Amino acid sequence: LTKYASKVAGAVMHEEGVLDCNEVDRREAMANDKIEFIWNSTLSSINGGDSVTSVTVRNVLTGAEEQVDATGVFSFVGMVPQTDILPDTISKDVHGYIKVDRHQATSMAGVYAVGDCTDTPLRQVVTAAGNGAVAEVSVERYLKETAQLEKIMADTKGNEAVMFYSPYDESSVDRLEHVEALLTPRYKVNLDDITSQTLLYHQLNISSSFAVALYEQGHLKQVVDLNQDSAESKLSLVRQ
C-alpha cells in the first residue's frame, strides 16, 4: 500500500513490535517511514458517507477509542489457513493449504475448494472469483457423471459401453461412428469427452485418448484401448 499512499496507519492488536508475519517482512514494515502502527488496537468502525473519511480504533487494553483520518480501509485477517476441521483424506501442504488440481478438486472425490485456503500462488478477490467459476462447472460435471455412472451400475439386465474420446484427436473422432456400429448390436453406447468428463476415465486408470469400457449387467467386463491395432478384432469377438 505504501507504493500508492502517502501514509498508511495500521491497527495492530498485539503489543508494540509484534506483527503476524515473517521476520523479514516485519523488519521491512517497521523501517518504513510511511507506516504508522497503532498498537494494542482493533478496528471499531468505519466512518463516512459515500466514501471513507475516518476509522475508529479501540485499545484492547484500556477500551479507549480514537478516530483516525482515512480515505480507504484494507482488512488483513492473516495468512494461516483455518483448515484443521477438514478430515485427513483431504490433502494439504505443509502450511495447511488445501491441495487442488486445475478443476479445483481436492483429494476427496466430490469435494472442491476455492479461495485463500487453497495452495494457489496468488490470493486476491479476482483469483478467488475465477476459482469459484471453475469449481462451479467442475461440480456440475461431477454430479452429471456420477448420475451417469450410477445409471450404468444399476442396469443389471442390459449391457452398457462407455466410449472415451478426445475431440482434439481427429483419428478417434473419425472412427467414432464405426466403433459405435460394432458395439451397438450388443451394447448401449455412451460417449464421454475426456476433455470435460473425467470421473470414470480416471477411476479406470485409462491413459489412452480413445478407449471403451464395457459393462454387462452392471459389472465391468473389460476396457479396450481403441488406439491399439488389435482393438477392432477384440470388439468383433465381444460382439459375437
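Computed quantities for the displayed model
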| item | result |
| --- | --- |
| Fewest-first ranking of I194, I35, using other Cβ atoms within 10 Å as the exposure measure | I35, I194 |
| Per DSSP, loop GluC sites (Glu not before Pro) in the stretch 1-78 with at most 14 further Cβ within 10 Å | E15, E16 |
| Contact order normalised by residue count of the stretch 155-239, Cα under 8 Å, 6+ apart, percent | 38 |
| Structure-based [θ]222 nm, the chain - -39500 (n - 2.57) summed over DSSP H runs of at least 4, per residue, nearest 500 | -8500 deg cm²/dmol |
| 17 Å reach of a label modelled at A9, 7 Å along Cα-to-Cβ, counting backbone N of the stretch 25-50 | 33-49 |
| Under 12 Å from the Cα of K7 - aspartates and glutamates, other chains or at least 8 residues apart | D33, E36, D69 |
| Eligible lysines near K99 by straight Cα distance, threshold 17 Å, same-chain separation 8 or greater | none |
| R0 of 35 Å, Cβ-Cβ distance N205-A133: FRET efficiency to nearest 0.05 | 0.75 |
| Ranked list, fewest to most other Cβ atoms within 10 Å of each Cβ, for I46, I98, I85 | I85, I46, I98 |
| Nearest-0.05 FRET efficiency for S171 and S107, computed from C-beta distance (R0 35 Å) | 0.55 |
| Mean Cα-pair separation over length for the stretch 10-119, i.e. relative contact order, pairs under 8 Å, 6 or more apart, % | 16 |
| Stretchable slack from R186 to V77, in nm (0.36 nm times residue separation minus alpha-carbon distance) | 33.2 nm |
| Reachable aspartates and glutamates from K188, criterion Cα separation under 19 angstrom, eight or more residues apart if same chain | E145, E150, D155, E160, E177, E180, E216, D225, E232 |
| Cβ-defined net charge surrounding D155, 14 Å radius [Lys, Arg +1; Asp, Glu -1] | +2 |
| Cα centroid separation - the stretch 143-190 against the stretch 3-17, whole Å | 61 |
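Values quoted throughout were computed directly from the atomic coordinates according to the rules given, and no laboratory measurement underlies them. What you see is a predicted model, and the numbers here were worked out from it, not measured in a lab. Positions of Cβ are backbone-derived with ideal geometry, glycine not excepted, and every protein chain shown enters the neighbour counts.
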